[in-house]
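*Asks:* Here's a structure for you.
Nothing in this text is a laboratory measurement; each read-out follows from the coordinates by a stated rule. Source: prediction; values computed, not measured. In this analysis, Cβ positions are derived from the backbone assuming ideal geometry, glycine residues included, and neighbour counts consider all displayed protein chains.
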Amino acid sequence: MLGLRFCRSDGLTVASHNPIEMRVDRAIDLNRIRPNHVEALERLPVNKDFHLPGVRTLTVERFTSSEAGAWSNSYLISGDSDAILFDVFMVSAEAAELARAIGKTGKTLQTVMISHAHPDHFMGLDAIVDRFPSARVVSTTNVVRDIQQDGPWMMSMLQGKLGPAGPKRLVVPEPLSEPVLRLGGNELEVVEFGECESKHIASVYVPPLKALLSADLVYNGAHLYVAEKHIASWLDRLDELAAFAGDGVSTIYPGHGTAGGLDLIAQTRTYLNDFAQALQTGDANAVERRMLAKYPEYHVKQFLTVFSIPAFFPAASSA
Ligand SMILES: [Zn+2]
């Protein structure tokens, strides 16, 4: 189900500094500030310390796993003293490294929010909860159910593949009672999308930053995981996302790849259409050749070659 509510910020002007990408997001409450004032504020020099008196600051910091760990993103949304972690890494050592990096920020990790039931976003939870036992691990009811259903076989599969580098135990999030996360006096909205890259995806909308942490509904510069074969419904969800974004979202933080603007929706749509078109050849090798020729620099090649194509050509891959 898609929630179309927009939580306009309550008069916040926020500067956010992302130390990895060195990009700055600034959101301004358009209900309170006239357009000429908006322009004036936007012309101010970029400065992460800039804020108006009484303004509460939020930042979004991106952490990225290795290529073998699916180059997946984990985001730390921080307030003055507390933080929310959005997704975790799959490979144990990388999840533990992520936990150490969070520890170094000095913020209190109050919540870990999981976006969807794919291993590269939740399987390393054990390393995080071991380091932060008082953090609440949450997601939507649907995503929790997906993890309950698919988590056990995904964990056995990964333990088989990764051995000691794999997850030690399955941690299942608890369902949120309302689609809201609170941080430093701000309310972040949890917006769930239905069938697309996975069965459900729970994104997080951060009103004062005009930012959406989309997880795998949107990718940037990485091959898409299309192994669940829901190309048509994924395209529908992208339409819903575009409608949701409207003028309330200016930055998308994807599940794989760097943050960008709303053009990432079109980029994801184009890849899906290209993949669907390549499938028309009816030849697994031709699909691979075409997609690699079109996207030679894209990360996570294994999503294309080991997962997506074999899902559509099971006979070819088992031959
Ligand atoms: Zn992913």
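*Asks:* For S203, what residues show an amide H to amide H distance below 5 Å, using hydrogens built from the backbone and excluding near sequence neighbours?
*Replies:* Result for S203 returns V191, E192, F193.
*Asks:* Further question: Add +1 for every Lys or Arg and -1 for every Asp or Glu among the other residues with Cβ under 14 Å from the Cβ of P175, and state the total.
*Replies:* Around P175, the charge tally is -2.
*Asks:* So between D239 and L170, what do we pick up on full extension, going 0.36 nm a residue minus the alpha carbon distance?
*Replies:* 21.5 nm
*Asks:* Evaluate E = 1/(1 + (r/R0)^6) for R136 and E297, where r is the Cβ-Cβ distance and R0 equals 41 Å; express this FRET efficiency to the nearest 0.05.
*Replies:* With a Förster radius of 41 Å, E is 0.60.
*Asks:* Could you check the spin-label model distance between Q277 and V306? Points 7 Å from the Cα along Cα→Cβ, value in nm.
*Replies:* Computed distance between label sites Q277 and V306 equals 2.9 nm.
*Asks:* Please compute the length gained on full extension between A93 and K229, using 0.36 nm multiplied by the number of residues separating them and subtracting their Cα-Cα distance. Mind showing how you got there, number by number?
*Replies:* Working: separation 136, 0.36 × 136 = 48.96 nm, distance 3.08 nm.
Additional length available on full extension: 45.9 nm.
*Asks:* How would you rank 164-177, 265-278, 86-99, highest first, on the average number of other Cβ atoms within 10 Å across their residues?
*Replies:* 86-99, 265-278, 164-177
*Asks:* Now, a different point. So what are the ³J(HN,Hα) numbers for region 235-246, from phi and the Karplus equation (6.51, -1.76, 1.60; θ = phi - 60°), rounded to whole Hz, Gly and Pro as x?
*Replies:* 4, 4, 5, 5, 5, 4, 4, 4, 5, 5, 4, x
*Asks:* Also, quick follow-up: Let's test the formula: R0 of 51 Å, r as the Cβ-Cβ distance of R289 and S156. What FRET efficiency results, to the nearest 0.05?
*Replies:* Numbers: r = 34 Å, r/R0 = 0.66.
About 0.95, to the nearest 0.05.
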